[in-house]
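**Q** Sharing a structure with you now.
The values are calculated or read from the model by the stated rules, or taken from the named source; none is laboratory data. All of these numbers come straight from a predicted model, not from anything done at the bench. Backbone-built Cβ (ideal geometry, glycine too); neighbour counts: all protein chains shown.
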Amino acid sequence: MAESAHLKDSEAERRRFTTRSIALFMAALVGIFVLLARMIQLQVVDYQKYSTRSDENRIQMQPLAPPRGLIFDRNGELVADNRPVFILELVAEQVGDLDRVLADLKVLVEISDRDTDAFRKRIARPRRPFEPVPLKYVLTDAEIARLAINRFRLPGVVVEAQLVRHYPYGELLAHAVGSVRRVSEEDLQRLDPVQYSATQFIGKLGVERFYERSLHGEVGYRHVEIDARGRVRSVLAVQPAIAGHNITLHLDANLQRAADHALGERRGAVVAIEPQTGGILAMVSRPGYDPNQFVTGMSADDYRQLTTAREKPLFNRALNGRYAPGSTFKPVVALAGLALGATTWERTIVDNGSFRLPGQGRLYRDWSWTRGGGGGQGIVDLRRAIYRSSNTYFYELASRMPIDDFTTFVAQFGYGQNLAIDLIDASPGLLPTPVWKRGARGEPWYPGDNVNLGIGQGDLLATPLQLATVASIIANRGKVVRPRMLKSSDRELLETDPPPAPAAIQGVTPDDWERLVDAMEDVVHRGNLGYRQSGTAWAYIGQNAPYRIAGKSGTAQVVGIAQGELYDEKLLDEYQRKHAWFMAFAPADAPRIALVVLVENGGGGSAVAAPVAREVLDAYLLPQAVASR
Amino acid sequence: MTNYDFVRSLPTGQGLRGRRLTRIHLDPLLLAVLLAIMGFGLVVLYSALDRNVSVFTGQVLRLLAALTVLVVAAQLDPRIYLRWSPFVYVAGIVLLVLVLVMGDTAKGAKRWLDLPGLPRFQPSEIMKISVPLAVAWYLNDRALPPSLKDLMVSLAIIGVPTGLIAIQPDLGTSILIAGAGLAVVALSGVYWRWIAVAVVAAMAAAPLLWMNMRDYQKERVLTLFDAERDPLGSGWNIIQSTTAIGSGGVFGKGLFQGTQSHLDFLPESQTDFIIAVVAEELGLVGVVFLLLLYLVVLARALYMATEARHTFGRLVVGALALTFFVYVFVNIAMVSGLLPVVGVPLPLVSYGGTAAITLMASFGIMMSIHTHRGW
């Protein structure tokens, strides 16, 4: 190409080009130095920061749920253990069309609408990428097999083994041991997020709840290398979880079974206590439920059935059922009368079958009252008042005791409070006082309230656990023990120390205690002595007892009976009939077991509840005889 | 001294080795350094590909194809380039217009052209070479430093394709192409004070540019200043690449040992972000070694430019050399968080064939100009 002639100076142009080239090369050098400086800043100056960041990227600590501590009964039988179940989980990032996969899975595995709803809630929560979300707990072997065959066309569907709580005794110990439930949103807000980061279940009831901290154990960690998609590439280190404490209860599963059997299909409760320790030997509440259902999941129908049934299977009658103690209260009233100087063992009254407060018309009836005026127990001293369960005697006695002194004395037995060490769910019942009545009803305390309280009616309410405690205190001749479930543990527990034992009952002499126990023995053993001479329970349980039982029956009214009317069971709805109570301990002179039986709407205490108590006592005191029967 | 200098000092027909190389029109030093870069790059790429042999083999074949292009381009007489420059340029403009009319849309941008009988390609790739050639062609027989009129024409030659590519939109490529053209203008000896005026004008126009940028482009610029504002979105790439680089330290984690790249935290680890793999696995040492190789390429190429006998040759060789360096600089500055993320691969190291072929073609042209002394 010809160079254009005008003003083109090749040599100058060449020199200028060289200068420019050098200048631009220098600029490039500056660029190189900028890059170098940047690299040195990142790789040398801030090396630690980026090295840490890189490790944080790839190393993840995955929490490992600790195996829950085991629970044994006093004979070393496992009453709560852990067993592996197979869980169906989905990895949202891998399944693709969720609705289609759910539809496919429903063909292979039984999935309820409740499962699906819960799953959709879980999957909407924030979580780590590629974290599997549970869809169904507890797959059957057949379901696992069907999933295995279809695995190739179900990406993101995972079957994983997990240890979950299992209650080998199922319904039998449900109300005694308590149970765990799936950790809920509310739980998460108050729980230690570190310790519970991998935990699926938390103790919700009973022992499982009270000893949750110790039973839970300590979370472990798996250090894994993950990629950017959160998938585990390798396991770097494992810091194993520490299993929870194993604990042993006072509970005797055999006795529990006997009590459950004795109660049969009736609604009610049995609480048996070892009087020396307060250890709870049996705690039955019928009807019960299978706590395993709450671990493994149940159908919506089953759940509705459990929560809405009229007989309330989820309700723990032993701890939370509040009933008028009825005549089982009389021994305590007797002791109050002695302690407060309102009566003596020698004092007698004439029981005509009813009682009137001076100057009042209202008639307070004995259980033996008849319209014709033929009721009553005749001449009654304190002992007879107990074994014949004379209402009239106790009406009269209670009417003469100052109410504040009376309730203060009674409160020593645990009425109106929860004495139990490790049953925080237990109800305190209700011990009515003038202060309470003013506050709750806005009414003053009437003399008639004293009278009703004298036979364990009126506003007085107590739970079977409370009455079993009263039985223990009498068995101990005044030494108060707190009911407890825990017998021992394999390591020191994390729960706070138990509160100190309350002081012994004040104001009752040893002689009073022995005479009271004698009177309660008469309830069972005094018999064959003619009309109105035998103990109330003798005919039902006392005729063939090979050991001495001290007991007291009780029959608690559910609905009020109008003045002048007779209680007629046939006219009442089942749920309005009287509750049957029986309180007992044996052997009377060296008690090994104290118990209370409640049969809801069962009728008369001696006829209905006492035989149940006898069966339980036999099972505990005569295991060989019972076994050979 | 290079072989060529040695050969040139001898009468024609002597120095067998030199003559043979001259006859096949290659620059041994430049070629050797380019091969070193490619070899180094292949080693790192093999790691970045997680030792996937089949993909790796594919890349080796692409680089061999690119080498062939270099050899062929170097054999052509430079006068062919001078003569064809305007036509290729005009053809390129036509293709760019075609792209806007009937190009394939991918990720919201029209960049690819699928003409019957031809493999799918990006016409902007041609312009990376064609624009500096066209500007050099225009300035070849003008008086230099260029007059204001010649400067304006040059800027127009640069501006038309830059604009066409910018509206695809492909801001990164358009800036690089403008850079290649402007390198020619700078080398032509345009007055410094004009350059100063242009720089001031460009800065004044920056807000205008900002307003016309698309959201994702603005996002990239904002991310540069504060990657943590969207750590899982637009900030992710730059956070992960700086983490990869920084965690490599002075000596690196070792080849195949990079956790950022092998656990997929580092995006585009085989392509645009491969320098982060170099930095993570081979450390500062590896980065400095690679930068030195690039610097040698630039130095040798600029030297070759000063040796050229004609304006066209000087401008073309110098501009292509500077363009090559700009690619290196922009890529590393982008990955290390100094510049916004634009799609610029690391020359001869990043996975991919098109960019390598374009680059080797430009080196072929440079060698052609350098070795055809008879013109």
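**Q** Does B:GLY179 satisfy being touching an Asp or Glu at 6+ places or on another chain (Cβ under 8 Å) and assigned to a helix (DSSP H, G or I)?
**A** Judged against the criteria, B:GLY179 is not a match.
**Q** Looking at the range A:47-68, is at least one residue closer than 30 Å to A:ALA243 by Cα, among the polar types (S, T, N, Q) and in a loop (DSSP other than H, G, I, E, B)?
**A** no
**Q** Which is at positive phi and of a type in the set (S, T, N, Q), of A:SER389, A:SER399? Working first, answer last.
**A** Working: A:SER399 fails: at positive phi.
Selected residue: A:SER389, the only one of A:SER389, A:SER399 that is at positive phi and of a type in the set (S, T, N, Q).
For every residue, the table says whether it meets (1) among the small types (Gly, Ala, Ser); (2) surrounded by 15 or more Cβ atoms within 10 Å (Cβ to Cβ); (3) more than 14 Å from chain B (Cβ to nearest Cβ).
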residue	(1), (2), (3)
A:SER54	yes, yes, no
A:GLN60	no, yes, no
A:ILE87	no, yes, yes
A:ALA92	yes, yes, yes
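**Q** Give the range A:576-629 a look and list any residue that's in contact with a Pro (Cβ under 7 Å, 6 or more places away or on another chain) and of a type outside the set (A, V, I, L, M), or say none.
**A** Answer for the range A:576-629, where residues must be in contact with a Pro (Cβ under 7 Å, 6 or more places away or on another chain) and of a type outside the set (A, V, I, L, M): A:TRP581, A:PHE585, A:PRO591.
**Q** Just give me the residues in the range B:322-333 being more than 9 Å from every other protein chain (Cβ to nearest Cβ) and within 16 Å of A:ALA27 (Cβ to Cβ), in sequence order. Don't jump to the end; show me each part of the working.
**A** Within the range B:322-333, the subset more than 9 Å from every other protein chain (Cβ to nearest Cβ) is B:323-324, B:327, B:330-331.
Hits for the range B:322-333 are B:THR323, B:PHE324, B:TYR327, B:VAL330.
**Q** Here is a follow-up. What is the residue count in the range B:115-129 for residues that are more than 13 Å from the chain's Cα centre (by Cα) and outside any strand (DSSP E or B)?
**A** Qualifying residue count for the region: 8.
**Q** Here is a further query. Taking the options A:ILE424, A:ILE455, A:ILE474, name whichever one is of a type in the set (Val, Ile, Thr), assigned by TED's automatic domain parsing to the domain that holds A:ASN391 and surrounded by fewer than 15 Cβ atoms within 10 Å (Cβ to Cβ). Let's see the steps before the verdict.
**A** Details: A:ILE455 fails: surrounded by fewer than 15 Cβ atoms within 10 Å (Cβ to Cβ); A:ILE474 fails: surrounded by fewer than 15 Cβ atoms within 10 Å (Cβ to Cβ).
A:ILE424 is the lone residue from the list that is of a type in the set (Val, Ile, Thr), assigned by TED's automatic domain parsing to the domain that holds A:ASN391 and surrounded by fewer than 15 Cβ atoms within 10 Å (Cβ to Cβ).
**Q** Looking at B:SER174, is it within 12 Å of another protein chain (Cβ to nearest Cβ) and surrounded by 13 or more Cβ atoms within 10 Å (Cβ to Cβ)?
**A** Answer is no for this residue.
Residue-wise test of (1) among the charged types (D, E, K, R); (2) assigned to a helix (DSSP H, G or I); (3) in contact with a helix residue (DSSP H, G or I) (Cβ under 6 Å, 6 or more places away or on another chain); (4) at negative phi.
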position	(1), (2), (3), (4)
A:ASP422	yes, no, yes, yes
A:PRO428	no, no, no, yes
A:TRP436	no, yes, no, yes
A:PRO444	no, no, no, yes
A:ASP459	yes, no, no, yes
A:GLN466	no, yes, no, yes
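**Q** Considering only the range A:394-420, how many residues are of a type in the set (D, E, K, R) and outside any helix (DSSP H, G or I)?
**A** Number satisfying all stated conditions: 1.
**Q** Across the range B:177-197, what is the number of residues that are more than 14 Å from every other protein chain (Cβ to nearest Cβ) and surrounded by 12 or more Cβ atoms within 10 Å (Cβ to Cβ)?
**A** Counting residues in the range B:177-197 that are more than 14 Å from every other protein chain (Cβ to nearest Cβ) and surrounded by 12 or more Cβ atoms within 10 Å (Cβ to Cβ) gives 3.
**Q** To continue, here is another question. Within the range B:198-314, considering only helices (runs of 4 or more DSSP H) that don't extend past its boundaries, which have at least 1 residues that are aromatic (Phe, Trp, Tyr) and within 11 Å of chain A (Cβ to nearest Cβ)?
**A** B:234-248, B:274-307
**Q** Checking B:VAL88 against (1) in the same structural domain as B:PRO347 (by TED's automatic domain parsing); (2) closer than 14 Å to B:ILE129 by Cβ: exactly one of these is not met. Which one?
**A** The number of the failed condition is (1).
**Q** State whether the residues of the range B:336-347 include one that is more than 9 Å from chain A (Cβ to nearest Cβ), touching a residue at least 24 places away in the same chain (Cβ under 8 Å) and either farther than 25 Å from A:PHE33 by Cα or in a helix (DSSP H, G or I) (or both).
**A** For the range B:336-347, residues more than 9 Å from chain A (Cβ to nearest Cβ), touching a residue at least 24 places away in the same chain (Cβ under 8 Å) and either farther than 25 Å from A:PHE33 by Cα or in a helix (DSSP H, G or I) (or both): absent.
**Q** Quick one: how many residues across the range B:272-289 are β-branched (Val, Ile, Thr) and either out of contact with any helix residue (DSSP H, G or I) (no Cβ under 9 Å at 6 or more places or on another chain) or under 19 Å from A:ASP55 (Cα atoms) (or both)?
**A** Counting residues in the range B:272-289 that are β-branched (Val, Ile, Thr) and either out of contact with any helix residue (DSSP H, G or I) (no Cβ under 9 Å at 6 or more places or on another chain) or under 19 Å from A:ASP55 (Cα atoms) (or both) gives 3.
**Q** Of the residues in the range A:285-311, how many are among the aromatic types (Phe, Trp, Tyr) and surrounded by fewer than 17 Cβ atoms within 10 Å (Cβ to Cβ)?
**A** So the answer is 1.
**Q** Restricting attention to the range A:31-48, does a residue exist that is out of contact with any Cys (no Cβ under 7 Å at 6 or more places or on another chain), within 14 Å of chain B (Cβ to nearest Cβ) and charged (D, E, K, R)?
**A** Among the residues of the range A:31-48, at least one is out of contact with any Cys (no Cβ under 7 Å at 6 or more places or on another chain), within 14 Å of chain B (Cβ to nearest Cβ) and charged (D, E, K, R), which makes the answer yes.
**Q** Looking at B:LEU151, B:LEU115, which is the one that is hydrophobic (A, V, I, L, M, F, W, C), free of Cβ contacts under 8 Å to residues at least 24 places away in the same chain and assigned by TED's automatic domain parsing to the domain that holds B:VAL185?
**A** Answer to the check: B:LEU115.
**Q** What single numbered condition from (1) assigned to a loop (DSSP other than H, G, I, E, B); (2) basic (Lys, Arg); (3) at pLDDT 90 or above fails to hold for A:LYS330?
**A** If we test A:LYS330 against (1) assigned to a loop (DSSP other than H, G, I, E, B); (2) basic (Lys, Arg); (3) at pLDDT 90 or above, just (1) comes out false.
**Q** Out of B:ALA48, B:ALA106, B:ALA36, report the one residue that is at pLDDT below 95, assigned by TED's automatic domain parsing to the domain that holds B:LEU291, closer than 27 Å to B:GLY352 by Cα and under 23 Å from the mean Cα position of the chain (by Cα).
**A** B:ALA48
**Q** Here's something else I'd like to know. Within the range A:257-290, which residues are part of a loop (DSSP other than H, G, I, E, B), under 22 Å from A:ASN476 (Cβ atoms) and in contact with a strand residue (DSSP E or B) (Cβ under 8 Å, 6 or more places away or on another chain)?
**A** Across the range A:257-290, the qualifying residues are A:PRO275, A:THR277, A:GLY278.
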